[in-house]
């Protein structure tokens, strides 16, 4: 651990100014990932930490069309929200499938979006070759062992680090919008455009500029007729990140899928919106054959290493299962 | 005197240390704080093989609060530690520039505050000359040690019998490396004072830690005192004196102040042992009627550079079944890995998976029920010695287990049982646990207020030693539970063996038994010529004890209290010592028996997604005489959960290029959580063992082996997939 300065921000503008003006400053919210990375792992070494937990960014409001969630709302608070339970049951399932109650009581929604990868190579400073930590240093994970937790979509030779959020999987499927405050005011960024694929620069993870502060997310509420579910597949029955997870929402009318929203977790370098699968599903009959075709379309070109070789097939099957549970099989 | 009052012993008495632990008042070694105490942080190797070419501590030494940085440049040469019944002491740290494994300690930073020590440890820079590490168990570049324990067994002609057998099953089984991961981080607090050393440590064996530190630091044992009043779990990792303990002691001597060293969770993966991975070949030959004609078991396991680890794997197969021709062979491959060590049921956890999976496979070749096949080959006498067992109720374990589980409801066809989408499988395994007992000493005192004080250097690693020994002492001295104190965890107390090998309760219980009997004899000697005593002239066989009194066996009214005897003779107290030693099997004409068990497991498998759940496990255990059924049951439950971990979750992953452990934290190394554990049913059967006065057999480990094999056998029954490699995970089961 390196010594750092701790500052508590009085208002949003001051917080943004404090961090924007100092390249070595970071925001601190729930801290459930960040404190580990700072104090235990020595991966993050900010010189100044700006505590935003007293800012008025906590709370949930809803109207007919949108659920607005303050960035400092905790995971438990969001899971307990009645609108979430009623209109976004798969988001609730995803929230409660993640972490533990203790962590969910601390962890914030803004932090969940910006959580760092669990890649075992990224998190050990004793590993020198990590493109995400040190650009152009290589990727130890690709040749490493125990690769089950790595990504197969959006991944490549530079980086296979997974974005491990459960919550972001339904959020990305729902076209959630992220509200961001920067030095030049507020912006609204669709979650589907919020994350960057690793490409040549795995160190760049989002479109945020240094000092940008996530203030809220806006989740469009899906139509009441839609059925949704979150299916998380993992070895341990609880307290483990997904090997594969699927957030799916389907509207089926007279045996035909009229609306399909599909997000994948446990497989992507970013929370994965399965648009290829959605295209196959939309307008197609609600049959297992359709689901298989959708899964096939999404997993057409996975990037695997020996440890993740089983994941494309597991992802296909999990997609089919999740869709079948929602849409049935009208064959 | 006989144990005629089974009132206290056997009862499910609550843990006497429970309230302290729940209230956070039990001081583990990491809770010990001494005046002027400073802190140690460790620098570990980031390569697995080679040598240090440059180790620069200059920057670290300049940081605030730093008092000293120890490395191979300035650390004194230390004497080697002793060799005991578990093997030699691990090599002392900081003695040379050689790198033997990733995570090896290269420097120790001493600073005023723990965070200052941690910061300075990161400021130590190390340069290496790398050599190619040997990391894979199959790698012929690693030295192969044959018969490392001198326990390879031969009976008859296994090879010949296999060649002639009507049915042969042959297969290779693989078990993963597992890491003990007790919840309590290991910590050492060390203080030197005028040539005397005091240590608070997370050890399972204070007597050994005392002897080892005395030898390494070349001071008399009488100048070293080691405390381990409470240990936050260990599962075998506290059996040896690991390098961090030595470093804490060295640091304290260097800076002349008390020091504390608390391992981090990642350091717990490289510094205190782990269950070595294995590759095992099993060959079983049988007649058509199911009778075994030959068992060959060859096991290869890993071992570290410059170290040894007593881990007989194949050896345990020699005495599990009646079989005329047996050959077992253990081998070790020396690798650039952190030192393996004991982890709950060392050797047997791996061996049982292979043997009991192989027997299950054979049962299908023979078209026999796997339970019937085991009964068909039941070892009525100990097959290696040819002697009757000192106790064995394995048959009852099978029978009671089958009944409690509902084994008769098992449809023998593969994949025939279902619960909705889930395939249902039933599997079982038998366990014949090896016997282990060693010398132990205890001391018992009764004071003028009539209360008892019994003690030994033993440790309670969370198993309940404080409780059962207090129960036993109370019974043997005729006192109530709250009239007796049992103390342990202090090397100044009478010598005790390790809390390990499921041997402590037996060894210590019999030493306590001997000490308490000797104390009663001492009271009787005190009054032997005392005309005022109704006990005058009595021998121990004439009397019984109860209610704080010694009285004639035949006439409870004819006797007097301990208090009265002490008062009349002007004594503050009387004290007596007791020892126990393992009997010689030939002398007693019996083969000493360890515990036996049967495991019955139900699994559910989702064949599309590869999901595996274990909703139900029935364990039936012959543990001889059970001193406290509640605590014994807890041991079996905990060990069963550990078995589920071994079966479906736990795997320490070593990076194949660097030798770095890639999942050295509790987020990535998966131990079973509540949601993984369904119904666990535990039953004890059997009789007191005939070998010792108390009749106990250890139950600390027997609950673990058998679980993995029964799970794998149930998985086969459910799916037709035979998984011969642990842990069994989703990718193994994707249909």
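Against the condition buried (at least 18 other Cβ atoms within 10 Å of the Cβ), touching a helix residue (DSSP H, G or I) at 6+ places or on another chain (Cβ under 9 Å) and part of a strand (DSSP E or B), how does residue A:84 come out, does it pass?
Against the criterion (buried (at least 18 other Cβ atoms within 10 Å of the Cβ), touching a helix residue (DSSP H, G or I) at 6+ places or on another chain (Cβ under 9 Å) and part of a strand (DSSP E or B)), residue A:84 does not qualify.
May I ask you to verify whether residue B:564 is within 21 Å of residue B:627 (Cβ to Cβ), outside the structural domain of residue B:311 (by TED's automatic domain parsing), crowded, with 16+ Cβ neighbours inside 10 Å and out of contact with any helix residue (DSSP H, G or I) (no Cβ under 6 Å at 6 or more places or on another chain)?
No.
Taking the conditions exactly as written (crowded, with 17+ Cβ neighbours inside 10 Å, at pLDDT 95 or above, in a helix (DSSP H, G or I) and out of contact with any strand residue (DSSP E or B) (no Cβ under 9 Å at 6 or more places or on another chain)), does residue A:313 satisfy them or not?
Criteria met by residue A:313.
Please go through segment A:239-260 and pick out each residue that is free of Cβ contacts under 8 Å to residues at least 40 places away in the same chain and within 14 Å of chain B (Cβ to nearest Cβ).
Passing the criteria: only A:240.
I'd like to know if segment B:649-667 contains one or more residues that are more than 30 Å from residue B:103 (Cα to Cα) and in contact (Cβ under 8 Å) with a residue 12 or more places away in the chain.
So far as segment B:649-667 goes, no, none of its residues is more than 30 Å from residue B:103 (Cα to Cα) and in contact (Cβ under 8 Å) with a residue 12 or more places away in the chain.
Among the residues of segment A:148-158, write down those that are more than 9 Å from every other protein chain (Cβ to nearest Cβ) and either in a loop (DSSP other than H, G, I, E, B) or surrounded by 21 or more Cβ atoms within 10 Å (Cβ to Cβ) (or both).
Correct list: A:150, A:151, A:152, A:153, A:154, A:155, A:157, A:158.
Taking segment B:698-722 as the region of interest, how many residues are assigned to a loop (DSSP other than H, G, I, E, B) and either within 13 Å of chain A (Cβ to nearest Cβ) or surrounded by fewer than 23 Cβ atoms within 10 Å (Cβ to Cβ) (or both)?
The total comes to 3.
Let me confirm something: among A:274, A:295, which residue is buried (at least 24 other Cβ atoms within 10 Å of the Cβ) and in contact (Cβ under 8 Å) with a residue 40 or more places away in the chain?
Sole residue among the options that is buried (at least 24 other Cβ atoms within 10 Å of the Cβ) and in contact (Cβ under 8 Å) with a residue 40 or more places away in the chain: A:274.
Going through segment B:653-697 one residue at a time, which ones are out of contact with any strand residue (DSSP E or B) (no Cβ under 8 Å at 6 or more places or on another chain) and part of a helix (DSSP H, G or I)?
The answer is B:674, B:675.
Condition first: under 30 Å from residue B:136 (Cβ atoms), within 14 Å of chain A (Cβ to nearest Cβ) and part of a loop (DSSP other than H, G, I, E, B). Now tell me which residues in segment B:40-79 satisfy that.
Residues satisfying the conditions are B:45, B:46, B:47, B:48.
Being modelled with pLDDT of 95 or more, within 22 Å of residue B:644 (Cβ to Cβ) and in the same structural domain as residue B:203 (by TED's automatic domain parsing) is the requirement here; does residue B:265 meet it?
So residue B:265 fits the description; yes.
Taking residue B:12, is it touching a residue at least 24 places away in the same chain (Cβ under 8 Å), assigned by TED's automatic domain parsing to the domain that holds residue B:228 and either crowded, with 16+ Cβ neighbours inside 10 Å or in a loop (DSSP other than H, G, I, E, B) (or both)?
The answer is no for residue B:12.
Out of all the residues in segment A:4-21, is one or more under 27 Å from residue B:263 (Cβ atoms), within 13 Å of chain B (Cβ to nearest Cβ) and assigned to a loop (DSSP other than H, G, I, E, B)?
Yes, there is a match, as at least one residue in segment A:4-21 is under 27 Å from residue B:263 (Cβ atoms), within 13 Å of chain B (Cβ to nearest Cβ) and assigned to a loop (DSSP other than H, G, I, E, B).
Considering only residues that are touching a helix residue (DSSP H, G or I) at 6+ places or on another chain (Cβ under 9 Å) and away from chain A (no Cβ under 14 Å), look in segment B:631-653 and name the one that is farthest from residue B:348 (Cα to Cα).
Only one residue fits best here, namely B:631.
So which residues in segment B:396-438 are surrounded by fewer than 18 Cβ atoms within 10 Å (Cβ to Cβ), in a loop (DSSP other than H, G, I, E, B) and in contact with a strand residue (DSSP E or B) (Cβ under 8 Å, 6 or more places away or on another chain)?
B:411, B:415, B:421
Mind listing whichever residues of segment B:490-504 are in contact with a helix residue (DSSP H, G or I) (Cβ under 6 Å, 6 or more places away or on another chain) and buried (at least 24 other Cβ atoms within 10 Å of the Cβ)?
Selection gives B:491, B:496, B:497.
When segment B:723-735 is examined, which residues are found to be assigned to a loop (DSSP other than H, G, I, E, B) and within 13 Å of chain A (Cβ to nearest Cβ)?
B:726, B:727, B:728, B:729, B:734, B:735, listed by residue number.
Working only within segment B:596-626, note down all residues that are closer than 18 Å to residue B:387 by Cβ and part of a loop (DSSP other than H, G, I, E, B).
Selection gives nothing.
Please state which one of B:720, B:700 is out of contact with any helix residue (DSSP H, G or I) (no Cβ under 6 Å at 6 or more places or on another chain) and not assigned by TED's automatic domain parsing to the domain that holds residue B:500.
After ruling out the rest, the residue left standing is B:720.
Among the residues of segment A:207-238 satisfying the criterion of being farther than 25 Å from residue A:81 by Cβ and surrounded by fewer than 16 Cβ atoms within 10 Å (Cβ to Cβ), which is nearest to the other protein chains (Cβ to nearest Cβ)?
Among those that are farther than 25 Å from residue A:81 by Cβ and surrounded by fewer than 16 Cβ atoms within 10 Å (Cβ to Cβ), it is A:210.
Working only within segment A:122-143, note down all residues that are within 13 Å of chain B (Cβ to nearest Cβ), without any contact (Cβ under 8 Å) to a residue 40 or more places away in the chain and in a loop (DSSP other than H, G, I, E, B).
A:126, A:127, A:128, A:129, A:138
Here are the criteria: (1) crowded, with 16+ Cβ neighbours inside 10 Å; (2) over 22 Å from residue B:50 (Cβ atoms); (3) within 14 Å of chain A (Cβ to nearest Cβ). Tell me which single one residue B:124 does not satisfy.
Status for residue B:124: all satisfied but (2).
Those residues that are in contact (Cβ under 8 Å) with a residue 60 or more places away in the chain and either under 25 Å from the mean Cα position of the chain (by Cα) or closer than 21 Å to residue B:266 by Cβ (or both), I need them from segment B:191-206; list them, please.
Within segment B:191-206, B:200, B:201, B:202, B:203, B:204, B:205, B:206 qualify.
Confirm whether residue B:287 is within 30 Å of residue B:373 (Cβ to Cβ), crowded, with 24+ Cβ neighbours inside 10 Å and out of contact with any helix residue (DSSP H, G or I) (no Cβ under 7 Å at 6 or more places or on another chain).
For residue B:287, the condition - within 30 Å of residue B:373 (Cβ to Cβ), crowded, with 24+ Cβ neighbours inside 10 Å and out of contact with any helix residue (DSSP H, G or I) (no Cβ under 7 Å at 6 or more places or on another chain) - is not met.
Kindly establish whether residue A:267 is crowded, with 22+ Cβ neighbours inside 10 Å and within 11 Å of chain B (Cβ to nearest Cβ).
For residue A:267, the condition - crowded, with 22+ Cβ neighbours inside 10 Å and within 11 Å of chain B (Cβ to nearest Cβ) - is not met.
Of the residues that make up segment A:287-302, is at least one under 27 Å from residue A:85 (Cβ atoms) and at pLDDT 95 or above?
Within segment A:287-302, one or more residues are under 27 Å from residue A:85 (Cβ atoms) and at pLDDT 95 or above.
How many residues are assigned to a helix (DSSP H, G or I) and either touching a residue at least 60 places away in the same chain (Cβ under 8 Å) or facing chain B (nearest Cβ under 7 Å) (or both) if we restrict to segment A:108-121?
Adding up the residues that qualify gives 4.
The values are calculated or read from the model by the stated rules, or taken from the named source; none is laboratory data. Here the structure is a predicted model, which means the values were calculated and not measured. We place every Cβ from the backbone using ideal geometry, glycine too, and count neighbours over all the protein chains shown.
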